[in-house]
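Peer 1: My structure is below; once you've seen it, I'll send some questions.
The values are calculated or read from the model by the stated rules, or taken from the named source; none is laboratory data. Predicted model only: the values in this text are computed from it and were never measured. Quick reminder, even Gly has a Cβ in these numbers, built from the backbone with ideal geometry, and neighbours come from all protein chains shown.
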Amino acid sequence: MAGIAPNNSGVDGAAFSGLKNRLLLPSWLTIGVLLVIPVLLMLVYSFLTKEFRGGVVWEFSIAAYDQFFLDRGLFGDEPVKIEWTYINIFIRSIVQAGLATFFCLLIGFPTAYYIATRPPSTRAFWLFMVTVPYWVNLLIRTVSMKFLIRDSGPLNQWLLQLGVISEPIHLINTNVAVQLGLFYSYLPFMVLPIYAAVERFDFALVEAAHDLYADRMTTLRRVLIPAVKPGIIAGCILVFVPSLGAFLAPDLLGGAKNFMIGSLIEEQFKGSAGNWPFGAAASMILLSLVLVVLMFYARNEARSRS
């Protein structure tokens, strides 16, 4: 039997080993120009001094961070106290983002499971139904939500007609309205990662669990959730991080009494009279919190894999 000639049509991957840095160059440039440089500029601005008529003075100071955490009085000559105004806004932001993540997970997990267990021919339709509202700009969707839940809006009118309530429910300019806005804005960010994880799940494991007399809740808790945990964590991060810095929903649905940290930062950069160093300092504090959360998650993941 004649020997089989070696297949020379393939290209050895080692031939491209020297090109990997060049191939990554566009990505590194994009990250550097659009992410690293703006963050560094924000860090520098957070240590500058506010000019009286707006803008900044190139004199380095920690006054912006001092203003965020400490209250020294109107003229700076009173006993130092903790500035709870901004700290409470920060705490409110964390709570709202956490609740938005919880509710998105509560609704997003069964939604993703349902879509992933449909016949392959219909999954695209259900994904389309989840994502089609998000083809519209976030501002327009938030304004639509405000119209929907206002005192004379369709939601109250329907509930009144059905006899569920006797008078309109006041939702606008409340924490509930902000929560509705965050939930509506970021629900697909929870559904899609979990859907991708459930779709790859081997359902033969569920059948094996039932053969071993595990009930549905035990199978869900001991088999399904651990297998799709990466998708759940990815969805939680994708919802929590943007919810933490959101400003459209708090501005349009929450009003001045329900400020979140994103709204506070946005206000500092409005017009020429804004306090840019303070806004930059608040941004860096927010960024630090996000980095701590992500580093904590990465550390736990590394421990679980070791």
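Peer 1: In segment 269-306, which residues are within 22 Å of residue 83 (Cβ to Cβ) and at pLDDT below 90?
Peer 2: Of segment 269-306, the ones within 22 Å of residue 83 (Cβ to Cβ) are 269-270, 273-290, 292.
Across segment 269-306, the qualifying residues are 269, 270, 273, 274, 275, 289, 290, 292.
Peer 1: Go through 134, 213, 186, 195 for me and flag whichever is of a type in the set (Ser, Thr, Tyr), closer than 30 Å to residue 90 by Cα and either in contact with a Lys or Arg (Cβ under 9 Å, 6 or more places away or on another chain) or exposed (fewer than 14 other Cβ atoms within 10 Å of the Cβ) (or both). Even if it seems obvious, please write down each step before you answer.
Peer 2: Values: 213 fails: closer than 30 Å to residue 90 by Cα; 186 fails: either in contact with a Lys or Arg (Cβ under 9 Å, 6 or more places away or on another chain) or exposed (fewer than 14 other Cβ atoms within 10 Å of the Cβ) (or both); 195 fails: closer than 30 Å to residue 90 by Cα.
Checking each option against the conditions leaves just 134.
Peer 1: Might you let me know whether segment 99-113 holds any residue that is closer than 17 Å to residue 198 by Cα, surrounded by 13 or more Cβ atoms within 10 Å (Cβ to Cβ) and of a type in the set (Ser, Thr, Tyr)?
Peer 2: Yes, the conditions are met somewhere in segment 99-113.
Peer 1: Tell me the residue from 283, 288 that is of a type in the set (Gly, Ala, Ser), crowded, with 16+ Cβ neighbours inside 10 Å and in a helix (DSSP H, G or I), please. If you could, list the steps in order and put the result at the bottom.
Peer 2: Working: 288 fails: crowded, with 16+ Cβ neighbours inside 10 Å.
Exactly one residue qualifies, and that residue is 283.
Peer 1: If you scan segment 45-86, which residues turn out to be surrounded by fewer than 13 Cβ atoms within 10 Å (Cβ to Cβ) and part of a helix (DSSP H, G or I)?
Peer 2: 84, 85
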